[in-house]
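Below is one structure, written out as C-alpha cells, with a few remarks after it.
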Amino acid sequence: MQSSLTPFRVAVIGGGPAGLMAAQTLAQGGAQVDLYDAMASVGRKFLLAGRSGMNITHAEPYVDFVTRYGNSSGALRPMLDAFGPQAVRDFVHGLGLETFVGTSGRVFPTDMKAAPLLRAWVHAVRECGVQFHMRHRWLGWQDGALRFSVPDGGEVVARPDAVILALGGGSWARLGSDGSWMPVLAGRGVDLSPLAPSNCGFDVAWSEHFSSRHAGEPLMTVAVIARDANGQEMRKQGQFVVTQGGVEGSLIYALSAALRDQIAAEGSTTIWLDLLPDLSAERVADEVARPRGARSMASHLQSRLGIKGVKAGLLRECLSKEQFSDEAQLARAIKRLPVRLVRARPIDEVISTAGGVRWDALQGTMLKAAPGVFVAGEMIDWEAPTGGYLLTACFASGIAAARDALAWRTAA
Ligand SMILES: Cc1cc2nc3c(=O)[nH]c(=O)nc-3n(C[C@H](O)[C@H](O)[C@H](O)COP(=O)(O)OP(=O)(O)OC[C@H]3O[C@@H](n4cnc5c(N)ncnc54)[C@H](O)[C@@H]3O)c2cc1C
C-alpha cells in the first residue's frame, strides 16, 4: 500500500466533459491532478453542443434510459448506476444552474446554453486544485513518459503515477478531438474499432430540380420506417430536414447507427417515409380516390390531405409519372415512400463517433495493455442517440475512470 503522504500524481489528457469530470473527481479524492489539452481552452465541443440547445441528460425512466446504449448498455450500466440522469441534474444544480425537462423528456440547462455551465464548472475544477496545461498536444509515450508538443515548437514530458485519457471521438477535429490518439494506442497494443460516424445525416442522390427547391425545408410531422440491425422493421416519428444532398435531423440521427451499418455492408440502404403518420392507410386511399374534377393531382392532394411543399416535392421526386398518376400507388407511397440513402455524412461533421477503445481492451476503465492508464468518454467504443445520452455517459465514465485510478493506487 502506498503511503497516503506521497501525493498520487495523475495526468488527465483531454479537457472535454469526460476529462473535466475525471479531473474533478480525482482532485476531490486527494490526487494531485494535471489536466492537459491540445486546445487553448477546454470544452470546445461541449460549447458547440450548447449552440443548438444542449441536452445534458434525459428524464425517461431509468430502465429505458440504460437501453439507449445498445450493445454497450451492459458495460456502461455500472457507471450509469453510479452517476445517472438524476446525478447529472444534481451536479448542474450544484454549480448554481437550474435545469428543466422539455416535452420530449430531454433535460436542458434553463438557458439552454453551455457557456455559463462550463464557466462555473471550470471554476469549480480549478478550486479543487487541478492545474490546467493548455496547448499541450499529447503525442504518445517515450521511455514510459508522456510526450506533449507545445506552441513554441518544443516538447515537454511528464511522468505521472497514472494517466486518464479522455481524448474524445473523431468529429469536429478543429475543436480538438481529431482521433490522432488511435495510432498511438494501436502501437501500444490496445484493441480498437475504427471510428465511424454516429448521429449523422446521409446523402441521397436528389435531382437538381428537387434540391434547388426544397433544400433546407423541414418535415415536421413524418415517420420513418427502416430496418434495424436484425433486419426487423422499426418505425419512428419525428422531424428531419431535406438538405442539398440528402437528409439530416433528429429523426434520421435516431436511426443512423443501423443505417450506417447497412450502407457499409450493402453499399446503400432504403428508408420509407410515412408522410401522413396520423392518418390510416385506408383514410389516405379514400381521400386520394375522391373525385377531383378538373383539379390537378397536386392541388387535390393539397386540399384533401394537406400535402404541399417539400412533401409534395418528395412524391414527385421519388415516384415515376405513372406511379404518381395511379391513385392506388400514390396512396400507398404517401404512407410508405422509399428513399435510397447512399452514404453517411463525413465523420468530421457528425455529432458523435462510434468505435474507439474496445470494451474487451479494458479492465474496468483501465487499459489491459497499459496498466495505470485509464480511458473515459467518447473515445471508448459505445454510441447512443442524441438526447443527453452522450454527455451522461461521458460524465459517468469520467467519474468511473477517476474512481478506478484511485482504487488502483490504493491497491498498488
Ligand atoms: C454539434 C454537436 C451537438 C451536440 N449536442 C449534444 C447534446 O445536446 N447532448 C449530448 O449529450 N451530447 C451532445 N453532443 C456530443 C457531446 O458534445 C460529445 O459526446 C462530448 O463532448 C464528448 O466528450 P469527451 O469528453 O469524450 O470528448 P470531447 O468533448 O471531444 O473532448 C476531448 C478533448 O480532448 C482534447 N484532445 C484530443 N486529442 C488530444 C491530444 N492529442 N492532446 C491533448 N488533448 C487532446 C480535445 O482538445 C478536447 O478538448 C454534441 C456534439 C456536437 C458536435
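Brief remarks on what is shown
- Residue match in the stretch 361-383 (condition: more than 12 Å from the ligand (Cβ to nearest atom), within 22 Å of Gly43 (Cα to Cα) and among the aromatic types (Phe, Trp, Tyr)): yes
For (1) within 21 Å of the chain's Cα centre (by Cα); (2) touching a residue at least 24 places away in the same chain (Cβ under 8 Å), each residue gets a yes or a no:
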{"residue": "Leu95", "(1), (2)": "no, yes"}
{"residue": "Phe108", "(1), (2)": "yes, yes"}
{"residue": "His133", "(1), (2)": "no, yes"}
{"residue": "Arg137", "(1), (2)": "no, yes"}
{"residue": "Val157", "(1), (2)": "no, no"}
{"residue": "Gly168", "(1), (2)": "yes, yes"}
{"residue": "Trp181", "(1), (2)": "yes, yes"}
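- A search for C-beta distances below 7 Å between a residue of the stretch 51-71 that is under 12 Å from Pro85 (Cβ atoms) and open to solvent by less than 50 Å² (accessible area, probe 1.4 Å) and any residue that is at pLDDT 95 or above and away from the ligand (no atom under 15 Å from the Cβ), counting only pairs 6+ apart in sequence or on different chains, returns Val66/Ser73; Val66/Arg77.
- Residue in the stretch 94-109 that is modelled with the highest pLDDT, counting only those that are within 13 Å of the ligand (Cβ to nearest atom) and open to solvent by 30 Å² or more (accessible area, probe 1.4 Å): Arg106
- Positions within the stretch 110-162 being assigned to a helix (DSSP H, G or I) and within 14 Å of the ligand (Cβ to nearest atom), in sequence order: Ala115, Leu117, Leu118, Trp121, Val122, Val125
- Taking the stretch 382-412 as the range and being under 10 Å from the mean Cα position of the chain (by Cα) and of a type in the set (Phe, Trp, Tyr) as the test, the residues that pass are Trp382, Tyr389.
- Of Ala285, Ala215, Ala223, Ala229, all but one fail to be farther than 28 Å from Ser325 by Cα and among the hydrophobic types (A, V, I, L, M, F, W, C); the exception is Ala229.
Here's the yes/no breakdown for (1) farther than 24 Å from Ala173 by Cβ; (2) buried (at least 24 other Cβ atoms within 10 Å of the Cβ); (3) in contact with a Cys (Cβ under 9 Å, 6 or more places away or on another chain):
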{"site": "Gly355", "(1), (2), (3)": "no, no, no"}
{"site": "Leu362", "(1), (2), (3)": "yes, no, no"}
{"site": "Pro371", "(1), (2), (3)": "yes, no, no"}
{"site": "Pro385", "(1), (2), (3)": "no, no, no"}
{"site": "Cys394", "(1), (2), (3)": "no, yes, no"}
{"site": "Ala411", "(1), (2), (3)": "yes, no, no"}
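- Residue identified as more than 8 Å from the ligand (Cβ to nearest atom), in the same structural domain as Val125 (by TED's automatic domain parsing) and not in a helix (DSSP H, G or I) among Ala23, Ala27, Ala87, Ala40: Ala40
- Screening Asp178, Asp261 for residues that are under 30 Å from Gly15 (Cβ atoms) and outside any strand (DSSP E or B) leaves exactly one candidate, Asp178.
- In the set (1) surrounded by fewer than 21 Cβ atoms within 10 Å (Cβ to Cβ); (2) assigned by TED's automatic domain parsing to the domain that holds Thr392; (3) on the phi > 0 side of the Ramachandran plot, Gly306 fails one condition alone, (2).
The values are calculated or read from the model by the stated rules, or taken from the named source; none is laboratory data. Owing to the predicted nature of the structure, the values given are computational and were not obtained by experimental measurement. Glycine gets a Cβ as well: all are built from the backbone with ideal geometry, and neighbour counts include every protein chain shown. Calculation scope for accessible area: heavy atoms of the full protein, side chains included, ligands and nucleic acids excluded. Shrake-Rupley method; radii C 1.70, N 1.55, O 1.52, S 1.80 Å.
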